[in-house]
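Okay, structure first, notes after.
The values are calculated or read from the model by the stated rules, or taken from the named source; none is laboratory data. Please read these numbers as outputs of a predicted model, since none were measured by experiment. All Cβ positions, glycine included, derive from the backbone under ideal geometry; neighbour counts span all protein chains shown.
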Amino acid sequence: MGGETGGPEELIQAGAVTFGLEYRTLHEGAEDGVCIHVYGNNLEGEDKELLRFDCFRVAPHYHYRNATVKKNERLMLDFTAEGDSLAWTLDKIKNRLPIMLIRCQAEDIARQVDQRDIDAALPKIAAWAETKTHNRA
């Protein structure tokens, strides 16, 4: 579905968007964590990534992306203010996804998001992430 991945993803359909889940290890193991991609199903082209949440152990951050307008804005998370990056990410997906998609200049996809689809996908995302982080502990 495009975007930068570190290997195979597990895909979870959620109406207008698809979540791509992977565990990434970077810099010879110096950095790792859950990565959650948000793909716009109706976005033109091969690169459909609009958001990417890199819930890394050392330097967690997220990206506002949209290949159709050459957008890739990275924002770092502050552990002190935000706490656990995975919990923060799940909260943003649940409560802020449409407005975040608008910031990606994906207004059409934001309007198509059905909260029931997101609510149905979140337990699957959380369970997958729990399995990956538990196996690494």
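If you take the residues in the range 36-51 that are assigned to a strand (DSSP E or B) and farther than 17 Å from ASP91 by Cβ, which one is farthest from the chain's Cα centre (by Cα)? Looking at the filtered set, the residue picked out is GLY40. Remark: pairs (first residue in the range 17-43, closer than 19 Å to ALA129 by Cβ and modelled with pLDDT of 85 or more; second residue of a type in the set (Lys, Arg) and assigned to a strand (DSSP E or B); Cβ separation under 6 Å; 6+ apart in sequence or on different chains) = CYS35/ARG24; HIS37/ARG52. Confirm whether CYS104 is touching a residue at least 40 places away in the same chain (Cβ under 8 Å), within 19 Å of THR25 (Cα to Cα) and not aliphatic (A, V, I, L, M). In short, no. The residues in the range 52-76 that are part of a strand (DSSP E or B) and either in contact with a helix residue (DSSP H, G or I) (Cβ under 6 Å, 6 or more places away or on another chain) or not aliphatic (A, V, I, L, M) (or both) can be counted, and the count is 15. When the range 75-106 is filtered for residues that are exposed (fewer than 12 other Cβ atoms within 10 Å of the Cβ) and either acidic (Asp, Glu) or touching an Asp or Glu at 6+ places or on another chain (Cβ under 9 Å) (or both), only ASP78 remains.
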